[in-house]
Structures are given as C-alpha cells and as structure tokens.
Amino acid sequence: MADPSIPIARIQQYVVERCPHCAERHRFTLGFGRRAVLTFGGAASSAGLTCPTTGGPIAVELELRENESYLGPVDPLSGAAMSAALPEPGPAAGTVAAQESGGERAEWQKASRATALDFCRVMLTTSSGAIPIYVAVLNYVGHEGISGSFSGQLSVLPMVFFLLAAVTFILALVPTLATVTDESGFREFRDRRLRLLDRYIWSGVTLFVAAMAFSVYFLFSALSTV
C-alpha cells in the first residue's frame with residue numbers, strides 16, 4: 001500500500017512477463033518517492049504486486065535510485081497513488097520470498113551504522129599501524145641513499161597521510177549529541193549522521209590510498225639507490 005504522505009517523484013512501467021498465478025502477462029504502473037532510509041550496504045526494494053486476474057501476490061525486485069523509496073502501484077491516468085488493500089497473504093511462494101527479502105533488508109538497515117563503524121575501527125588500526133611499518137621498511141631498504149635528495153625530504157609524506165587518515169577515522173567514530181523527540185526527528189538525525197559518516201569514510205580511504213601510493217614510490221626510490 002502506498003504511503004500518501006510521500007509525494008510521487010517518478011513513475012515507471014513494470015511488466016510481469018508470466019504471472020505465477022494465471023500465466024498471463026501483466027503491466028503495472030509503479031510510483032517512487034524521494035524519501036528513503038539511508039543504509040550502508042543496502043539491498044534492492046522488494047515490491048508486492050497483485051495479480052489482476054486471481055488476486056494472488058506477486059513478489060518482484062526493484063532497483064532503486066539514490067535516496068528513493070518504492071511507494072506502490074499508481075493510477076496511470078492521474079499519477080495518484082492507489083490505496084487498494086492487498087489480499088491477506090497465503091502460503092504462496094511469492095509471499096514467502098517477499099517476507100524473506102523484507103527481513104533481510106530490515107537486518108541490513110538495522111546493522112548499517114554498526115557496519116560503517118566497524119570499518120572505521122579497522123581502518124583506524126590499519127592507518128596508525130602502517131606508520132611504524134613504513135618507517136621500519138624504509139630504514140631496512142636503505143633510507144640513507146635518498147636522505148640528501150628531494151625524494152628523501154618528501155619521504156615523510158606517507159606518514160603524514162597515514163596520520164591524517166587515522167585522524168579522519170577517529171572523527172568518524174566521535175559520538176554526536178542531539179535531541180530527538182519523534183520518529184521524523186530521528187529519521188533526520190539518522191540520515192544526517194550517516195551522510196557525515198560516509199564523508200569521513202571516503203575521506204579517510206582516499207588519504208589511506210594516497211599514503212600507500214607514496215609509500216610504494218619512496219620505497220622503490222630507496223631500493224634503486226642500493
């Protein structure tokens with residue numbers, strides 16, 4: 001059933017080539033809105049359609065755009081969301097598939113923030129631990145050979161980038177204090193927090209990759225002087 005509180009932003013034609021109930025071909029007009037729950041590693045939306053002939057449920061998977069949510073079938077003439085109630089689900093295979101997909105999507109959304117924070121913790125440990133490893137390997141391969149050159153003076157860049165990456169992941173792990181009074185406020189706070197977390201993650205990963213690239217360059221420069 002479509003949510004009337006969410007305006008329809010996009011309409012798409014969807015064709016079921018062979019209905020699992022009547023074996024006929026059905027065409028549906030589906031509506032999509034701009035409100036969605038932000039998710040790290042989210043799944044596609046599962047849509048529950050209804051066979052026009054038998055009234056049986058049809059479960060299909062829909063690819064959603066960024067920050068988009070599935071609203072349900074719409075009236076192809078007026079573009080308004082249809083509010084017809086679906087029949088009670090029976091033991092059909094399509095219903096079971098829709099329930100399993102919905103449960104999996106709920107689990108992904110529930111664990112979304114924890115997945116991002118776990119990644120930040122792993123990258124924080126990796127970034128901070130990479131600094132002494134880089135120094136040890138650089139001294140082992142012979143840093144003295146490039147110490148007086150321009151490359152030798154810039155050989156501290158990997159340590160700087162590793163440190164900046166670690167600081168970025170620390171900032172991502174810092175808790176945020178906010179006052180949440182209702183479901184709408186919680187949704188806005190959650191979306192804002194996940195967007196900020198996503199920016200920190202990509203910034204930290206970019207700094208880490210740059211540090212790795214600089215490390216490889218300076219290590220090979222040191223090796224070439226041996």
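Could you put 74, 167 in order of accessible surface area, largest first, with the 1.4 Å probe and the full protein assembly present?
Working: 74 5, 167 65 Å².
Correct descending sequence by accessible area is 167, 74.
I'd like the accessible area for residue 212, computed on protein heavy atoms only with a 1.4 Å probe and all protein chains in place. Round to 10 Å², please.
90 Å²
Suppose accessible area is computed on protein heavy atoms with a 1.4 Å probe; arrange 177, 163, 157, 49 from highest to lowest.
Details: 177 170, 163 95, 157 50, 49 5 Å².
From most exposed to least exposed: 177, 163, 157, 49.
Tell me the accessible surface of residue 70 in square angstrom (1.4 angstrom probe, heavy atoms of protein chains only), to the nearest ten.
The accessible area comes out at roughly 50 Å².
In terms of solvent-accessible area of protein heavy atoms at a 1.4 angstrom probe, what is the ranking of 108, 202, highest value first? Walk me through the intermediate numbers first.
Details: 108 110, 202 160 Å².
I get 202, 108, largest accessible area first.
Please report the relative contact order for region 115-226, taking Cα pairs under 8 Å with a sequence separation of at least 6, and give it as a percent rounded to a whole number.
The normalised contact order for region 115-226 reaches 43 percent.
Can you send over the solvent-accessible area of residue 199, 1.4 Å probe, protein chains only, in Å² to the nearest 10?
140 Å²
Could you tell me the calculated FRET efficiency between residue 156 and residue 209, based on Cβ-Cβ distance and R0 = 22 angstrom, to the nearest 0.05? Write out the running numbers ahead of the final one.
On the way: r = 18 Å, r/R0 = 0.81.
Computed FRET efficiency for residue 156 and residue 209 comes out at 0.80.
The values are calculated or read from the model by the stated rules, or taken from the named source; none is laboratory data. Quick caveat, the model's predicted, so the values are computed rather than measured. Glycine gets a Cβ as well: all are built from the backbone with ideal geometry, and neighbour counts include every protein chain shown. Side chains are part of the model used for accessible areas, which takes the heavy atoms of the whole protein and leaves out ligands, DNA and RNA. Shrake-Rupley method; radii C 1.70, N 1.55, O 1.52, S 1.80 Å.
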